[in-house]
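J.: Input: one structure, supplied below.
The values are calculated or read from the model by the stated rules, or taken from the named source; none is laboratory data. Note that the structure is a prediction, hence the values are computed from the model and not measured. Methodologically, a virtual Cβ is constructed for each residue, glycine included, from the backbone with ideal geometry; neighbour enumeration extends over all protein chains shown.
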Amino acid sequence: MDKAHFGLIGLGVMGENLVLNAERNGFSCVVYNRTTAKTEEFLAGRGAGKRIIGSTSLEDFIAKLERPRRILMMVKAGQPIDDLIASLSPLLEEGDLLIDGGNSLYTDTERRVAELESKSFGYIGMGVSGGAKGALEGPSMMPGGTRSAYEAIEPLVRKMAAQVDDGPCVTYIGPGGAGHFVKTVHNGIEYGIEQVLAEAYDLLKRSAGFDGDAIADVFGQWNATEELASFLVEITEVCLRTKDPEGGADLVELIVDAAGQKGTGLWTVVSALEMGVPVPTVYAALNARVLSSQRVERIAAAPVLPAPPAHPIELGSPADAMAPLQDAAVLAAIASYAQGMALLKEASVLHDYRLDLAAIGQIWKGGCIIRARLLQRIQNAYTTNPDLPNLLVDPWFAEQVNRRLPGLRQVVAGAALAGIPVPCLSSTLDYIDSYRSPRLPQNLVQAMRDCFGAHTYERVDRPGSFHTEWLD
Ligand code: 6PG
């Protein structure tokens with residue numbers, strides 16, 4: 001085989017699947033893994049009979065690649081990426097390019113792009129979504145960084161990505177850490193929607209008394225609607241139907257109720273707070289995971305802080321696909337997207353990413369974890385109005401909010417009376433009620449700040465900055 005078109009470092013599941021995807025799409029590949037045995041095992045197994053060759057050292061790997069070298073790094077985010085870049089840099093030549101396909105912190109990517117570009121290399125921080133199956137069959141890809149480097153990999157990634165009606169699910173996102181920032185926000189939205197679906201399940205179980213199959217039926221109904229049809233609703237139905245092979249109970253009921261996280265949800269919330277963008281639904285989802293992990297404390301607190309007496313919640317019936325609960329789930333899913341898109345809009349200005357929000361809606365329509373039919377509406381909203389301040393005020397979304405808000409209110413109020421926590425649903429209600437309020441009570445907060453700290457305030461009736469001696 002001539003020199004390979006594309007190189008991959010890191011034969012974990014994602015790395016293996018991405019290289020098999022590239023090869024299937026006509027690109028010859030060379031792979032490297034720190035443990036040579038892993039490379040040999042891959043080439044003798046899943047990589048056998050394909051235009052994929054191995055390498056035994058980074059020098060050997062580099063020598064087997066055509067120029068400019070296109071190298072995808074699929075190693076753990078953080079220090080391992082920096083270590084790998086340090087080992088590779090002396091071997092690279094002008095114009096060669098590195099791609100980090102992991103979930104790196106976008107500020108790390110900003111730094112790496114600047115460093116590598118100063119040495120005349122290209123650097124791309126590329127969010128890849130879709131899990132192991134997506135990596136093999138077609139993920140959604142969010143590459144950002146050196147523009148010319150993107151052009152050198154464009155034919156490759158356009159073929160590797162998931163394909164939807166209007167094209168592949170990949171586009172150049174923007175300079176610096178833009179690709180990894182967009183992937184981080186994708187994951188923040190993912191956290192929001194996962195928690196919304198978990199809250200709906202909990203209400204159906206604890207309030208309506210449905211068993212796993214009955215709850216799965218509801219998710220099945222929802223997955224047939226324009227507003228909720230999505231990968232996450234689809235897999236929720238599957239999870240709820242799955243039985244424990246030993247004993248036949250609903251498997252989800254045997255899973256410990258403590259959710260882990262690897263960092264991207266936290267980074268979304270931290271960036272949002274730093275940038276001054278409210279993302280309460282996503283934040284509630286993150287907090288819910290953290291609180292769920294305090295399992296020992298929760299169990300100890302249960303008898304000390306007893307639940308209120310049982311209270312019925314009007315959730316609807318299977319005949320109307322649990323209409324009020326569906327309204328609540330739709331609005332909380334919409335709020336997750338709305339908050340994520342608002343964060344992208346702000347980051348675009350602050351970091352000069354020049355993000356195309358309609359294009360981001362388009363590349364999320366296939367391959368990724370938050371793929372959903374609703375993304376077509378999101379794409380439409382930003383195509384019609386690229387400066388839309390918030391998805392909630394787009395006419396189609398505003399109609400959804402106005403029509404479904406009574407259902408959300410009813411569910412949140414009922415859950416409050418029944419003592420069932422619904423952090424994402426209730427945060428969504430507060431978010432919408434706050435966002436649509438021309439006047440909020442922060443006039444009083446301003447008064448207090450001025451009272452004790454002379455922080456000054458503005459007046460509604462005349463311009464300027466004012467201070468009052470409140471305590472005289
Ligand atoms: C994807 C996923 C994936 C991500 C986890 C989030 O898009 O394929 O977002 O990249 O790492 O799903 O992980 P945690 O829930 O563990 O934080």
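J.: Consider V290 carefully, then state whether it is surrounded by fewer than 16 Cβ atoms within 10 Å (Cβ to Cβ), closer than 29 Å to S104 by Cβ and either touching a residue at least 12 places away in the same chain (Cβ under 8 Å) or among the hydrophobic types (A, V, I, L, M, F, W, C) (or both).
T.: On the way: surrounded by fewer than 16 Cβ atoms within 10 Å (Cβ to Cβ): yes; closer than 29 Å to S104 by Cβ: yes; either touching a residue at least 12 places away in the same chain (Cβ under 8 Å) or among the hydrophobic types (A, V, I, L, M, F, W, C) (or both): yes.
When the stated conditions are applied, V290 passes them.
J.: Do we find that K183 is among the basic types (K, R), assigned to a helix (DSSP H, G or I) and within 19 Å of L425 (Cβ to Cβ) in this structure? Steps first, please.
T.: Numbers: among the basic types (K, R): yes; assigned to a helix (DSSP H, G or I): yes; within 19 Å of L425 (Cβ to Cβ): no.
Taking the combined requirement at face value, the residue does not satisfy it.
J.: Moving on. Please verify whether region 312-326 includes one or more residues that are assigned by TED's automatic domain parsing to the domain that holds K243, within 15 Å of Q195 (Cα to Cα) and surrounded by 19 or more Cβ atoms within 10 Å (Cβ to Cβ).
T.: Yes, region 312-326 contains a residue that is assigned by TED's automatic domain parsing to the domain that holds K243, within 15 Å of Q195 (Cα to Cα) and surrounded by 19 or more Cβ atoms within 10 Å (Cβ to Cβ).
J.: If you don't mind, there's one more thing I want to ask. Got at least one residue in region 216-223 being at negative phi and not in a helix (DSSP H, G or I)? Reasoning before the result, please.
T.: So in region 216-223, the residues at negative phi come out as 216-223.
Those left that are additionally not in a helix (DSSP H, G or I): 223.
Yes, the conditions are met somewhere in region 216-223.
J.: Now for a separate question. Can you report the number of residues in region 198-225 which are closer than 14 Å to S317 by Cβ, surrounded by 20 or more Cβ atoms within 10 Å (Cβ to Cβ) and aliphatic (A, V, I, L, M)?
T.: Result for region 198-225: 4.
J.: Something else about it: Just checking, how many residues over region 149-164 are away from the ligand (no atom under 14 Å from the Cβ) and touching a residue at least 40 places away in the same chain (Cβ under 8 Å)?
T.: Within region 149-164, residues that are away from the ligand (no atom under 14 Å from the Cβ) and touching a residue at least 40 places away in the same chain (Cβ under 8 Å) number 8.
J.: Another question about this same structure. Is it true that L228 is part of a helix (DSSP H, G or I) and of a type in the set (A, V, I, L, M, F, W, C)?
T.: When the stated conditions are applied, L228 does not pass them.
J.: Select from region 239-276 the residues that are within 16 Å of the ligand (Cβ to nearest atom), over 17 Å from N187 (Cβ atoms) and surrounded by fewer than 16 Cβ atoms within 10 Å (Cβ to Cβ) and list them in ascending order.
T.: Correct list: I255, V256, D257, A258.
J.: Then there's this: Return the only residue of R354, R409, R377 being of a type in the set (K, R), more than 21 Å from the chain's Cα centre (by Cα) and modelled with pLDDT of 95 or more.
T.: Details: R354 fails: more than 21 Å from the chain's Cα centre (by Cα); R377 fails: more than 21 Å from the chain's Cα centre (by Cα).
Result: R409 is the single residue among R354, R409, R377 that is of a type in the set (K, R), more than 21 Å from the chain's Cα centre (by Cα) and modelled with pLDDT of 95 or more.
J.: Further, regarding this structure: Among (1) assigned by TED's automatic domain parsing to the domain that holds A335; (2) at negative phi, there is one condition P139 misses while meeting the rest; what is its number?
T.: (1)
J.: Right, something else. Within region 149-168, track down each residue that is in contact with a helix residue (DSSP H, G or I) (Cβ under 7 Å, 6 or more places away or on another chain), part of a helix (DSSP H, G or I) and surrounded by fewer than 19 Cβ atoms within 10 Å (Cβ to Cβ).
T.: none
J.: Return the total of residues in region 372-403 being assigned to a helix (DSSP H, G or I) and within 16 Å of the ligand (Cβ to nearest atom).
T.: Summing the residues that are assigned to a helix (DSSP H, G or I) and within 16 Å of the ligand (Cβ to nearest atom) in region 372-403 gives 1.
J.: Just one of A342, A413, A359, A347 is under 17 Å from A328 (Cβ atoms), assigned by TED's automatic domain parsing to the domain that holds A310 and not in a loop (DSSP other than H, G, I, E, B); which is it?
T.: Details: A342 fails: under 17 Å from A328 (Cβ atoms); A359 fails: under 17 Å from A328 (Cβ atoms); A347 fails: under 17 Å from A328 (Cβ atoms).
So the residue among A342, A413, A359, A347 that is under 17 Å from A328 (Cβ atoms), assigned by TED's automatic domain parsing to the domain that holds A310 and not in a loop (DSSP other than H, G, I, E, B) is A413.
J.: Kindly indicate whether T236 is closer than 19 Å to R373 by Cα, of a type outside the set (A, V, I, L, M, F, W, C) and within 16 Å of the ligand (Cβ to nearest atom). Can you show your working first?
T.: Working: closer than 19 Å to R373 by Cα: yes; of a type outside the set (A, V, I, L, M, F, W, C): yes; within 16 Å of the ligand (Cβ to nearest atom): yes.
In short, yes.
J.: If you take the residues of region 423-471 that are within 38 Å of the chain's Cα centre (by Cα) and of a type in the set (K, R), which of them is nearest to V330 (Cα to Cα)?
T.: Top of the filtered list is R436.
J.: What's the number of the only condition in (1) surrounded by 11 or more Cβ atoms within 10 Å (Cβ to Cβ); (2) out of contact with any Ser or Thr (no Cβ under 8 Å at 6 or more places or on another chain); (3) assigned by TED's automatic domain parsing to the domain that holds Y191 that E399 fails to meet?
T.: (1)
J.: Ok, one more. Go through region 126-148 and report how many residues are of a type in the set (G, A, S), part of a helix (DSSP H, G or I) and within 16 Å of the ligand (Cβ to nearest atom).
T.: The qualifying residues number 4.
J.: Another question, if that's okay. Quick test of your reading of the structure: D108 fulfils all but one of (1) within 16 Å of the ligand (Cβ to nearest atom); (2) closer than 17 Å to D352 by Cβ; (3) touching a residue at least 60 places away in the same chain (Cβ under 8 Å). Name the failing condition by number.
T.: Of (1) within 16 Å of the ligand (Cβ to nearest atom); (2) closer than 17 Å to D352 by Cβ; (3) touching a residue at least 60 places away in the same chain (Cβ under 8 Å), only one is false for D108: (2).
J.: Select, from I369, I313, the only residue that is away from the ligand (no atom under 16 Å from the Cβ) and of a type in the set (V, I, T).
T.: One residue alone meets the criteria, I313.
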